[in-house]
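Visitor: Just passing along the structure, written as structure tokens.
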Ligand SMILES: [Cu+2]
């Protein structure tokens, strides 16, 4: 499926949601008219103030937990957030099809190591500070822990590959450092809409040269395959744009967020450029307006890698001599990128002390990989945040 189809689908989804919202908007308009027709200035001011307070304590002024860069803070307001994400992957896919280990070994005869399972855990500390009415800055240091289970295969001398016991590798440490500014380009109080631009970057603080024991030879240290590495290895630009619309007891958002390599790492490659288009709908569902559920749809397009790491793709070892990339598909830079559609279901809860809990479970409904790559099962995102 092409990126054009993904985009079209997303916009269709959003249009349907907006249409469903139009009746609610009519109600809201009626209420506003009543208030305005009342002619009581004091009442008007109080109501306006109350509505503003309500809006700030509303759980859905934060986007679903998987996203960031979708809200601002008022001047002198700060926010601290702890966010946890875990992405779970199983099996190898070729294009849209999952292959068995036997199919992998047959279709890619140089394969000696088959990645079976992987989890990518992220612990993030997100700090936001309002500078002016329309500019908020943020920084988000993160700690990553990547774990991969893989099965090495040995040639039995008769042209048959025999599976060896499954092995597990882990790589953990600080990741890259995203930071930037959110700039509200436009806000319309009558329509309760806003348009926010994200001027974001990430610094290459995550390690890409870490080594681990070769699954083929316990005496040998080799570099981690690309998905196990802790950073991009290069500066990334992360521009994004978000549109929010708030209704009386629901809201919708649309966000394009990118992650674009600004150069190549010292190791000689640049990771995928990623474009994410998200549309979401949040609905307050409790009397006290402290609970919201969220529905999200995401289209992702990821480019292939630029260049390659000679440690994985040129250095040969063993007999017959092969590169790590030839033996392990996860180490092959030609097997990167693709197009994906994900659905996310979440809840957000505002607590008495002004803090917020945000949780979302997302899963792919469409995965189309370039080459042989691990498929995603699900991603969870959970956060606690507090403004002060
Ligand atoms: Cu915030």
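Visitor: Quick one: which residue in 342, 358 is within 16 Å of the ligand (Cβ to nearest atom), under 17 Å from the mean Cα position of the chain (by Cα) and on the phi < 0 side of the Ramachandran plot?
Guide: Being within 16 Å of the ligand (Cβ to nearest atom), under 17 Å from the mean Cα position of the chain (by Cα) and on the phi < 0 side of the Ramachandran plot holds for just one of 342, 358, which is 358.
Visitor: Is it the case that some residue within the stretch 354-366 is buried (at least 20 other Cβ atoms within 10 Å of the Cβ), modelled with pLDDT of 95 or more, within 30 Å of residue 266 (Cα to Cα) and in contact with a strand residue (DSSP E or B) (Cβ under 8 Å, 6 or more places away or on another chain)?
Guide: Within the stretch 354-366 (the criterion being buried (at least 20 other Cβ atoms within 10 Å of the Cβ), modelled with pLDDT of 95 or more, within 30 Å of residue 266 (Cα to Cα) and in contact with a strand residue (DSSP E or B) (Cβ under 8 Å, 6 or more places away or on another chain)), the answer is no, since none of the residues qualifies.
Visitor: Same structure again: Mind checking which pairs have a first residue in the stretch 110-134 that is within 30 Å of residue 164 (Cβ to Cβ) and free of Cβ contacts under 8 Å to residues at least 12 places away in the same chain and a second that is part of a strand (DSSP E or B) and more than 16 Å from the ligand (Cβ to nearest atom), Cβ under 7 Å, 6 or more apart or different chains?
Guide: Partner pairs satisfying both residue conditions: none exist.
Visitor: Same structure again: Limited to the stretch 56-80, what total is found for residues that are farther than 15 Å from residue 290 by Cα and within 12 Å of the ligand (Cβ to nearest atom)?
Guide: 12
Visitor: Can you spot a residue in the stretch 329-349 that is buried (at least 17 other Cβ atoms within 10 Å of the Cβ) and free of Cβ contacts under 8 Å to residues at least 24 places away in the same chain?
Guide: Checked the stretch 329-349: no residue is buried (at least 17 other Cβ atoms within 10 Å of the Cβ) and free of Cβ contacts under 8 Å to residues at least 24 places away in the same chain.
Visitor: Filter the strands (runs of 3 or more DSSP E) completely within the stretch 81-149 down to those with at least 2 residues that are within 16 Å of the ligand (Cβ to nearest atom).
Guide: Those strands (runs of 3 or more DSSP E) span 113-132, 135-139.
Visitor: Are there any pairs, at least 6 apart or on different chains, whose C-beta atoms fall under 7 Å, with the first in the stretch 255-269 and closer than 18 Å to residue 238 by Cβ and the second surrounded by fewer than 16 Cβ atoms within 10 Å (Cβ to Cβ) and at pLDDT below 95, and if so, which?
Guide: What qualifies is 264/307.
Visitor: Here's something else I'd like to know. So how many residues does the stretch 276-301 have that are free of Cβ contacts under 8 Å to residues at least 60 places away in the same chain and more than 30 Å from residue 350 (Cα to Cα)?
Guide: Going through the stretch 276-301 one residue at a time, the tally reaches 0.
Visitor: If you check every pair at least six apart or on different chains, which have Cβ atoms under 6 Å apart with a residue in the stretch 364-388 that is free of Cβ contacts under 8 Å to residues at least 60 places away in the same chain first and a residue that is more than 16 Å from the ligand (Cβ to nearest atom) and assigned to a strand (DSSP E or B) second?
Guide: 364/340; 364/342; 364/376; 365/341; 365/343
Visitor: Another question, then. Quick one: which of 191, 170 is away from the ligand (no atom under 16 Å from the Cβ), surrounded by fewer than 14 Cβ atoms within 10 Å (Cβ to Cβ) and within 22 Å of residue 72 (Cα to Cα)?
Guide: 191
The values are calculated or read from the model by the stated rules, or taken from the named source; none is laboratory data. Predicted, not measured: the structure shown is a model, and the values here were computed from it. Cβ atoms come from the backbone with ideal geometry, glycine included; neighbour counts cover every protein chain shown.
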